[in-house]
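Comments concern the structure below.
The values are calculated or read from the model by the stated rules, or taken from the named source; none is laboratory data. Here the structure is a predicted model, which is why all the values come from computation and not from measurement. Counting neighbours? That spans all protein chains shown, and the Cβs are built from the backbone with ideal geometry, glycine included.
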Amino acid sequence: MNIYFVRHGQTEENVKNTYYGTLECDLNDLGIAQAKSCSELLKDIEFTRVYISERTRALHTAEVICSQKSFILDSRINEMDFGAFEGKNYEEIKKLYPEEVKQWQQSWKDFCPPQGESYVKFYERVKSFMEDLKELNEENILVVTHGGVIRAAYCYILDENLDFYWRFASKNGDISVIKCEDKFFFIDSIIHV
């Protein structure tokens with residue numbers, strides 16, 4: 001089984017370098033162009049299932065890639081909820097939440113931003129999604145989601161080592177091809193558009 005993970009196209013929040021998971025925003029012009037590039041690269045692949053996060057940026061990206069498909073919304077592949085940090089860059093967060101930033105630096109996996117979720121909680125829902133994919137018998141699946149979700153999926157594949165989260169990038173419009181053979185996942189390729 002081939003699973004094509006696509007990170008949504010660029011948004012203005014990406015340009016501003018903010019933390020945003022639940023914050024709604026759409027693709028900017030470059031983001032639309034990135035989605036079109038993905039569409040061109042994937043045009044000859046017949047997807048039997050298309051999973052998307054609940055966010056507009058993922059939906060818009062999926063619609064550009066394969067407008068004729070029906071999509072399966074799955075909250076488990078929503079980006080991490082940054083709570084009170086949403087829509088703020090790191091410098092703003094440091095000024096507004098100095099004590100929380102210290103806690104974050106000391107224990108990034110367990111730290112939970114005010115009104116947000118911890119990385120461990122976020123990882124557990126991505127893991128649940130990956131476990132369900134493992135049980136499918138499909139040829140090609142498309143998953144349109146977010147950078148954090150893709151990096152968490154890599155951690156899952158790499159023996160659930162959460163420390164690998166910071167060892168990968170996932171840029172807007174990137175396509176990560178994950179293969180599953182006999183319920184064993186491996187990263188086949190990463191294509192940057």
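Mind listing just one residue for me: the one in the stretch 54-106 that is farther than 30 Å from Ile141 by Cβ and aliphatic (A, V, I, L, M) and, of those, nearest to the chain's Cα centre (by Cα)?
Ala84
Go through Tyr154, Tyr90 for me and flag whichever is under 29 Å from Val193 (Cβ atoms), free of Cβ contacts under 8 Å to residues at least 40 places away in the same chain, of a type in the set (Phe, Trp, Tyr) and in contact with a strand residue (DSSP E or B) (Cβ under 9 Å, 6 or more places away or on another chain).
On inspection, the qualifying residue turns out to be Tyr154.
Here is a check on your reading of the model: is Val144 under 19 Å from Arg7 (Cβ atoms), among the aliphatic types (A, V, I, L, M) and surrounded by 18 or more Cβ atoms within 10 Å (Cβ to Cβ)? Let's see the steps before the verdict.
Numbers: under 19 Å from Arg7 (Cβ atoms): yes; among the aliphatic types (A, V, I, L, M): yes; surrounded by 18 or more Cβ atoms within 10 Å (Cβ to Cβ): yes.
Yes.
With the checklist (1) modelled with pLDDT of 95 or more; (2) farther than 21 Å from Asn14 by Cβ; (3) not small (Gly, Ala, Ser) in hand, flag the one item Asp81 doesn't pass.
Of everything listed in (1) modelled with pLDDT of 95 or more; (2) farther than 21 Å from Asn14 by Cβ; (3) not small (Gly, Ala, Ser), Asp81 misses just condition (2).
Suppose the filter is at positive phi and surrounded by 15 or more Cβ atoms within 10 Å (Cβ to Cβ); does Gly31 pass it?
In short, no.
Under 8 Å by Cβ, and 6 or more places apart or on different chains, what pairs join a residue from the stretch 19-33 that is farther than 14 Å from Gly147 by Cα with one that is surrounded by fewer than 17 Cβ atoms within 10 Å (Cβ to Cβ)?
Filtered contacts from the stretch 19-33: Leu23/Gly87; Glu24/Thr56; Cys25/Glu12; Cys25/Thr56; Asp26/Thr56; Asn28/Glu12; Asn28/Val15.
Tell me which of these Glu139 doesn't satisfy, since it passes every other one: (1) in contact (Cβ under 8 Å) with a residue 40 or more places away in the chain; (2) surrounded by 14 or more Cβ atoms within 10 Å (Cβ to Cβ).
(2)
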